[in-house]
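Okay, so here's the structure we're looking at.
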Amino acid sequence: MSGDGWFVGTQNDRLERIRYGSAAQPADWPTLAIESATDIDDETMYYDRLHEATVSATRAAVQARERADDNQLIHAIRALKDCRRTANELAERLSEWAGTVDPEAGTGIDYAERLIEEPPADCPEPMISLATRVVDLAQQAEDLEAYVERQAPVVAPNLSALAGPVLAARLLSLAGSLDSLAKKPSGTVQVLGAEEALFAHLRGHAPSPKHGVIFTHEAVRGTRLEDRGSAARALAGKLAIAARVDHYSGEYRPELEAEFEERMATIRARADEGDDKTESGDSHA
Amino acid sequence: MPELPAGVERRSFDGVERLATRGEPVYGEPTADGWRAWNPDRSKLGAMFELGMDTGLEGGETVLYLGAANGTTVSHVADFAGPTYAVEFSPRPTRDLLEVAERRSRLFPLLKDARKPETYAHIVEEDVDVIVQDVATRGQADVALRNRRFLAEDGRLLLAVKARSEDVTASPDSVFSAVRESLESGYEILESRRLEAHHMDHLGIVARPQK
């Protein structure tokens with residue numbers, strides 16, 4: 001019986017057992033350990049050893065899970081978004097401040113760069129320093145984007161090929177992991193990032209959203225309004241498949257892209273034919 | 001009101017009576033004389049105490065805590081209970097839980113899925129006195145039923161049901177009655193109350209294993 005307990009074996013065996021072991025039923029482990037383990041004489045020692053072992057084994061398990069590649073990518077894309085937003089907010093602040101000393105004050109990151117190169121007369125030192133920070137943050141965002149563009153195709157080759165690396169990373173970020181994205185039906189992928197609109201719809205006072213974050217994809221954004229629902233549905237369908245292939249096999253399958261392009265050609269052809277009648281089921285999309 | 005377990009008291013913090021336990025502060029909560037305030041708005045179990053539910057806890061119990069998250073509530077539990085097993089599924093909150101556990105020698109953190117008790121049955125001992133469950137997943141009654149194997153015959157299940165985890169479109173009332181019904185296949189419900197005052201769309205349940 002005690003063969004099943006976490007405490008059998010050396011210290012290393014114990015840590016492994018805590019992470020990967022199992023038992024159908026619990027037992028009176030403290031008593032069994034006191035009887036069988038040479039380094040456990042009483043209950044106090046039992047719980048001391050258990051504490052040591054669970055803390056180290058769980059720390060190792062957390063580190064392993066957090067180092068997983070999709071996790072790194074998700075942190076990077078979230079950091080990228082934060083840097084962009086913060087850079088823009090600070091640029092706005094800078095531009096308002098600079099307006100007090102420079103009637104020609106511009107806006108945005110570009111203006112921050114100009115201000116560093118040619119500070120206006122009477123420009124206080126902290127203003128230049130703020131502008132430097134804005135430019136640095138914008139640069140940091142660029143670096144993060146470069147990292148995402150490098151890593152996304154490694155983590156999720158098919159998803160990245162179809163969606164582009166940045167959108168692929170955003171989808172992973174919204175789903176929480178590649179594992180959970182791979183388990184989502186295409187209808188959910190289609191509206192990821194549009195949760196607010198989706199819940200409004202489920203509560204019954206709004207139409208169903210046609211697309212979430214996949215709107216940033218050229219195939220959706222670049223398609224005329226009447227056909228956008230179809231495009232979003234086609235894209236989401238292929239993305240859901242791509243995520244599953246990436247998760248379960250990891251192999252790159254170029255045919256997914258080819259199939260999608262073919263489907264998009266059909267959808268776009270409707271506009272050329274001047275046929276604005278949509279497929280059944282699209283009218284509400 | 002039922003008595004609070006030994007180690008949980010109402011103490012005054014800046015003139016306001018609040019639930020409190022004794023231990024190292026964890027999340028920036030107010031402290032006074034070694035006692036730390038237990039915020040019922042951040043803890044479903046805290047809310048159950050605050051609302052006067054009869055949890056049957058006396059202090060010093062062996063506890064299996066499912067859904068420990070970043071350790072806010074479980075830190076208070078470990079302050080007044082005995083050996084406390086804390087199961088959490090997500091790595092990120094578990095990172096914080098580890099910090100809490102390092103300073104509490106009878107708190108055992110486990111990165112495990114509460115829907116798969118066999119993955120920790122070789123660690124968690126049999127006949128625990130209490131299971132506290134606060135997992136935000138579909139099938140909350142099922143999680144409680146699967147973990148019944150750990151609970152002593154006269155033990156208690158303290159369950160916080162989150163309606164939105166079961167079904168976002170259904171009304172909380174219909175979710176709660178469905179959860180209660182399926183829970184009753186293995187547990188006898190002793191008391192249940194909406195935790196509305198502190199947690200929207202949550203139901204607190206005190207139950208014991210069916211004989």
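Which one of A:GLN63, A:GLN151, A:GLN11 has the biggest mean-square fluctuation once chain A is modelled by GNM with Cα springs under 10 Å?
Looking only at A:GLN63, A:GLN151, A:GLN11, the largest GNM fluctuation is found for A:GLN11.
I'd like to know how the range B:121-211 sits against the 2.2 N^0.38 Å rule of thumb: what's its Cα Rg over that expected value?
Working: Rg = 12.9 Å, N = 91, 2.2 N^0.38 = 12.2 Å.
Scaled against compact globular proteins, the figure is 1.05.
Computed over the Cα atoms of the range A:14-66, what is the ratio Rg over Rh, Rh following Kirkwood? Kindly include the intermediate steps, with their values, before the conclusion.
On the way: Rg = 12.3 Å, Rh = 12.1 Å.
Computed over Cα atoms, the ratio is 1.02.
Of A:SER177, A:SER22, A:SER95, which is the most mobile in a GNM of chain A whose springs link Cα atoms less than 10 angstrom apart?
Comparing A:SER177, A:SER22, A:SER95 in a Gaussian network model of chain A, the most mobile one is A:SER22.
Cβ under 10 Å from A:LEU144's Cβ, A:LEU144 left aside: what net charge do those residues give with Lys, Arg +1 and Asp, Glu -1?
Taking every other residue near A:LEU144 into account, the sum is -2.
If you take the square roots of the eigenvalues of the alpha-carbon gyration tensor of the range A:186-249 and sort them as a ≥ b ≥ c, do you get rounded (a/c under 1.5), prolate (a/b over b/c) or oblate?
Numbers: a/c = 2.54, a/b = 1.34, b/c = 1.90.
Since a/c reaches 1.5 but b/c is at least a/b, the shape of the range A:186-249 is classed as oblate.
Pairs to check: A:LYS238/B:LYS162; A:LYS238/B:LYS44; A:LYS184/B:LYS162; A:LYS81/A:LYS183; A:LYS183/B:LYS211. Give those whose C-alpha atoms are more than 31 Å from each other in this structure.
Working: A:LYS238/B:LYS162 34 Å; A:LYS238/B:LYS44 41 Å; A:LYS184/B:LYS162 22 Å; A:LYS81/A:LYS183 25 Å; A:LYS183/B:LYS211 39 Å.
Beyond 31 Å: A:LYS238/B:LYS162; A:LYS238/B:LYS44; A:LYS183/B:LYS211.
What residues qualify as long-range amide H neighbours of B:PHE108, i.e. H under 5 Å apart, gap of 5 or more or another chain, H built at 1.01 Å from N?
Here B:THR84, B:TYR85, B:ALA86 satisfy the definition.
State the percent of C-alpha pairs, over all pairs in chain A, separated by a distance greater than 36 angstrom.
Details: 18681 of 40470 pairs.
The proportion of pairs with Cα distances above 36 Å equals 46 percent.
Using the alpha-carbon atoms, what tilt in degrees (0 to 90, nearest 10) does helix A:108-117 show relative to the longest principal axis of chain A?
80
Which of the peptides B:162-169, B:105-112 is most tightly packed, and how do the rest follow, going by the mean number of other Cβ atoms within 10 Å of each residue? Show your work: numbers first, answer last.
Numbers: B:162-169: 16.1, B:105-112: 24.5.
Packing order, densest peptide first, comes out as B:105-112, B:162-169.
In the range A:26-180, if every C-alpha pair distance is counted and binned at 5 Å from zero, what percent goes to each bin?
Spelled out bin by bin, the range A:26-180 gives 1, 9, 13, 11, 8, 8, 8, 8, 8, 7, 6, 4, 3, 3, 2, 1, 0 percent.
Per residue Cα convex hull volume for the range B:39-209, in cubic angstrom? Don't skip to the answer; put the middle values down first.
Working: hull volume 17.3 nm³, N = 171.
Measuring per residue, one finds 101 Å³ for the Cα hull of the range B:39-209.
Enumerate the amide H contacts of B:TYR187 below 5 Å, restricted to partners 5 or more residues apart or on another chain; note that Pro and chain-start residues carry no placed amide H.
Hits under the 5 Å cutoff: B:GLN210.
Name the most mobile residue of B:ALA141, B:ALA197, B:ALA37, meaning the one with the largest mean-square fluctuation, in a Gaussian network model of chain B with Cα contacts below 10 Å.
Checking each option, the largest mean-square fluctuation is seen for B:ALA197.
Where does helix A:255-272 land angle-wise versus the long Cα axis of chain A, in degrees 0 to 90, nearest 10?
Around 30 degrees separate the two axes.
For the protein assembly as shown, what is Rg from Cα atoms divided by 2.2 N^0.38 Å, rounded to two decimals? Don't skip to the end; give the middle numbers.
On the way: Rg = 27.6 Å, N = 496, 2.2 N^0.38 = 23.3 Å.
Output field value: 1.19.
Counting only DSSP beta bridges with both residues in the protein assembly as shown, tell me the antiparallel percent, nearest 5. Intermediate results must be reported in sequence, preceding the final value.
Details: 24 of 42 bridges.
The antiparallel fraction comes to roughly 55 percent.
Could you let me know the centre-to-centre spacing of the range A:40-57 and the range A:239-264, using Cα atoms, in angstrom?
A separation of 49 Å, based on Cα centres.
Check the straight Cα-Cα distances from A:LYS210 and name the aspartates and glutamates below 13 Å, setting aside those fewer than 8 residues away within the same chain.
Straight-distance partners of A:LYS210: A:GLU195, A:GLU196, A:GLU226, A:ASP227, A:ASP282.
How large is Rg over Rh for the range A:68-155, taking Rg from the Cα atoms and Rh as the Kirkwood inverse mean of 1/r across Cα pairs?
Values: Rg = 15.8 Å, Rh = 13.9 Å.
Across the range A:68-155, the Cα-based Rg/Rh ratio is 1.14.
Grab the other residues whose beta carbon is less than 9 angstrom from that of B:ILE123, score K and R as +1, D and E as -1, and report the net. Before the final figure, lay out the partial values.
Working: positive: A:ARG17, B:LYS112; negative: B:GLU125.
Local net charge: +1.
Quick one: work out the % antiparallel among DSSP beta bridges in the range B:39-209, nearest 5. Write down the numbers at each step before the final one.
Working: 13 of 31 bridges.
Here the antiparallel bridges make up roughly 40 percent for the range B:39-209.
Summing Lys, Arg as +1 and Asp, Glu as -1, what charge do residues with Cβ under 13 Å from the Cβ of B:ALA197 carry, B:ALA197 excluded?
Working: positive: B:LYS44, B:ARG193, B:ARG194; negative: B:ASP41, B:GLU50, B:GLU196, B:ASP201.
Taking every other residue near B:ALA197 into account, the sum is -1.
Other chains' Cβ within 10 Å of A:40-50 residues: what's the mean? Display every interim value, and only then the final one.
Working: counts 0, 0, 0, 1, 1, 0, 2, 5, 2, 0, 7.
The mean count of partner-chain Cβ atoms within 10 Å per residue comes to 2.
What ³J(HN,Hα) values, in whole Hz, does the Karplus curve 6.51 cos²θ - 1.76 cosθ + 1.60 give for the range A:235-240 when θ = phi - 60°, with x put for Gly and Pro?
Here the 3J(HN,Hα) series is 5, 4, x, 5, 5, 4 Hz.
Could you work out the per residue convex hull volume over the alpha carbons of the range A:156-285, in cubic angstrom? Write down the numbers at each step before the final one.
Numbers: hull volume 12.6 nm³, N = 130.
Dividing the Cα hull volume of the range A:156-285 by its residue count gives 97 Å³.
Considering the options A:ALA138, A:SER180, A:TYR111, tell which one lies farthest towards the positive end of the dipole of the protein assembly as shown, charges being +1 on Lys and Arg and -1 on Asp and Glu at the Cβ, about the Cα centre.
A:SER180
Work from the charge dipole of the range B:62-130 (Cβ charges, +1 for Lys and Arg, -1 for Asp and Glu, about the Cα centre) and give the residue of B:GLY82, B:ASN70, B:VAL128 farthest towards its positive end.
Value: B:ASN70.
Apply the Karplus curve 6.51 cos²θ - 1.76 cosθ + 1.60, θ = phi - 60°, to the phi angles in the range B:150-167 and return the couplings in whole Hz, x for Gly and Pro.
7, 8, 4, 3, 9, x, 10, 9, 10, 10, 10, 9, 9, 4, 5, 6, 7, 6
Bear in mind that the values in this text are calculations on the coordinates, not laboratory data. Quantities reported herein were computed from a predicted structural model and do not represent experimental measurements. All Cβ positions, even for glycine, are placed from backbone atoms using ideal geometry, and neighbour counts span all protein chains on display.
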